[in-house]
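Notes for the one structure printed next.
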There are 2 protein chains.
Amino acid sequence: MLLLVKYITMKKQIPENTINRLSAYYRMLIYLAQRGTQVISSKSLANILGMKDSQVRKDLSYFGRFGVRGEGYKVALLSQKILHILGLEKGRRVCIIGMGNLGSALAAYKGFSDFGFDIRAVFDSNPVKIGKNIRGYHCYPAAEIKNVVKKERIELAILTVPLEQAQAVANLAVEAGIKAILNFAPVRLNVPRNIRVDNVDLAMELKKLSYFAGK
Amino acid sequence: MLLLVKYITMKKQIPENTINRLSAYYRMLIYLAQRGTQVISSKSLANILGMKDSQVRKDLSYFGRFGVRGEGYKVALLSQKILHILGLEKGRRVCIIGMGNLGSALAAYKGFSDFGFDIRAVFDSNPVKIGKNIRGYHCYPAAEIKNVVKKERIELAILTVPLEQAQAVANLAVEAGIKAILNFAPVRLNVPRNIRVDNVDLAMELKKLSYFAGK
DNA sequence: CGTTGTGAAAGGGTTCACAGCT
DNA sequence: AGCTGTGAACCCTTTCACAACG
């Protein structure tokens, strides 16, 4: 009974922003390593990134004790630990669904492969594109999503299809056993609770900017 | 003295997420208007968007009283009000700096013009692209940023240049009088405090997804 | 001595609950 | 009767401050 209470209490612990910041730490650590930095304190790291040192330490403390008191954090060790936390140690199999302008741009984006993401397939429903080589990837028909995702054991899907098709292709991806979706279509996707969906709404970002630009 | 206390207390009032949600409300209201819906309650709107009705009301209450008690919100009126809040009534002059894959994709993205964003210029430093027509826009050299931004009275800049060039072109845009920047390069831009910078880090989004995909 | 790791305090955002209108 | 608008309560995140430790 006490265990149950504990379980309920524990439910949500780690702030989502902590995960975002882990990403930022990782990128900076890689950069520092290249520059030859071997050890860094939470204070220095925080200063570079424009945040508080206590934030850095608290974020890391959710996952373990990675530092040395009086010294700081070993850059190589910490970056390795964060890679592990983010589940990127062994790389991740990704597909892109929708080879329009945005999908093609993302397929060509170096930033993904740099962090261990492995684009295994790209899809489109346009007969002109199907079978062609787009940005170095063979373009499969959308109808093949289930087969290819299963065969290639793809875990993450990037959705860059028009609004109207988003839910349908999301369904296919989910049926094929996808674990998470990065959705660029401005719709709330309906998926099982165990599937993670993150939304990126570019028009929304611009609208926000407009608000803060004032007048 | 009391005024000073009041000023300090007032510092930050409206949550940033409220602005994001305003965007979502607006999009849905436009959709509802097309479908012929004239009035909607905070409860219905919240249900459609998967949130709490009190959230909708609280968000709107930061800006005024737009509803009718016992009835709900008039769709046409509310969407108009939100457009005004977001500063999009009269449209916004935008430029895109960096006509690589991502910049070109954004130039072609319908979602921007749909919400009153007016792309007035696109820039690149690649001589092959300069002077050409890209996605319907004349491509200016990066060296012309200051002149063109000023002449066209451009307010918002979308930055899609490589990491190394981001700060330099941001400086040019700021000098030209830009008000806000949507930055796709994974660097913390150094700009005067009165310039708003929003960052979109696509690799970070994928890393977050990886974390939540588990294992 | 300097920096981590962490409870406790502070700060902010979300949800509740109900008074106030229509 | 029904729904908005809002102060207060609640809950989550950030920051503080310091004990623990190399």
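Numerical summary
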read-out: Straight-distance crosslink candidates among lysines, where the alpha carbon sits under 19 Å from A:Lys129 and sequence neighbours closer than 8 are dropped; value: A:Lys146
read-out: Cβ-derived FRET efficiency at R0 22 Å, B:Lys52 paired with A:Asn190, nearest 0.05; value: 0.75
read-out: Footprinting exposure proxy for A:Val122, B:Val148 (fewest neighbouring C-beta atoms within 10 Å first); value: B:Val148, A:Val122
read-out: Tail fraction, Cα-Cα pairs, the range A:24-104, threshold 22 Å, whole percent; value: 33 percent
read-out: Listed pairs B:Lys151/B:Lys179; A:Lys52/B:Lys52; A:Lys207/B:Lys52 exceeding 25 Å between Cα atoms; value: A:Lys52/B:Lys52
read-out: Rounded Å value of the spacing that divides the Cα centres of the range A:181-198 and the range B:124-201; value: 31 Å
read-out: Debye-sum result for the range B:67-185 in log10 I(q)/I(0), which assumes one identical scatterer on each alpha carbon, at q = 0.09, 0.10, 0.22 Å⁻¹; value: -0.29, -0.35, -1.22
read-out: Summed residue charge, Cβ within 15 Å of A:Phe123's Cβ, Lys/Arg positive, Asp/Glu negative; value: +4
read-out: Helix-only mean residue ellipticity at 222 nm for chain A, each DSSP H run of n ≥ 4 adding -39500 (n - 2.57), per residue, nearest 500; value: -14000 deg cm²/dmol
read-out: Highest-first arrangement of B:170-176, B:201-207, B:113-119, where packing means the average Cβ count within 10 Å; value: B:201-207, B:170-176, B:113-119
read-out: Rg to Rh, two decimals, where chain B supplies the alpha carbon set and Rh follows Kirkwood; value: 1.03
read-out: Span-like helix ranges in chain A, DSSP H, alpha carbon extent 27 angstrom or more, Kyte mean at least -1.0; value: A:16-34
read-out: Listed residues A:Tyr137, A:Tyr62, A:Tyr26, most fluctuating in chain A (Gaussian network, C-alpha, under 10 Å); value: A:Tyr62
read-out: Taking the convex hull of Cα positions in the range B:122-176, its mean projected area over all directions (nm²); value: 3.7 nm²
read-out: DSSP-defined beta bridges in the protein assembly as shown - what % are antiparallel, rounded to 5; value: 20 percent
read-out: Calculated SAXS-style log₁₀ I(q)/I(0) at q = 0.08 Å⁻¹ - the protein assembly as shown, Debye, Cα scatterers; value: -0.51
read-out: q = 0.27, 0.29, 0.34 Å⁻¹, the range B:87-126: log10 I(q)/I(0) [Debye, one scatterer per Cα]; value: -0.90, -0.98, -1.15
read-out: Within the range A:43-131, percent of DSSP bridges classed antiparallel, to nearest 5; value: 25 percent
read-out: Point-charge dipole on Cβ atoms (K/R +1, D/E -1) for the protein assembly as shown, about Cα centre, debye to 20; value: 1040 debye
read-out: Charge-dipole axis of chain A as Lys and Arg at +1 and Asp and Glu at -1 on Cβ define it, positive-most pick from A:Leu77, A:Ser41, A:Gly111; value: A:Ser41
read-out: Other protein chain Cβ atoms within 10 Å, averaged over every residue that makes up A:13-26; value: 3
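Quick note: the coordinates plus some simple rules give every number you see, no bench work behind them. For clarity, every value in this text was computed on a predicted model and none was experimentally measured. A quick note on method: Cβ atoms are made from the backbone with ideal geometry, for glycine too, and the neighbour counts reach across all protein chains shown.
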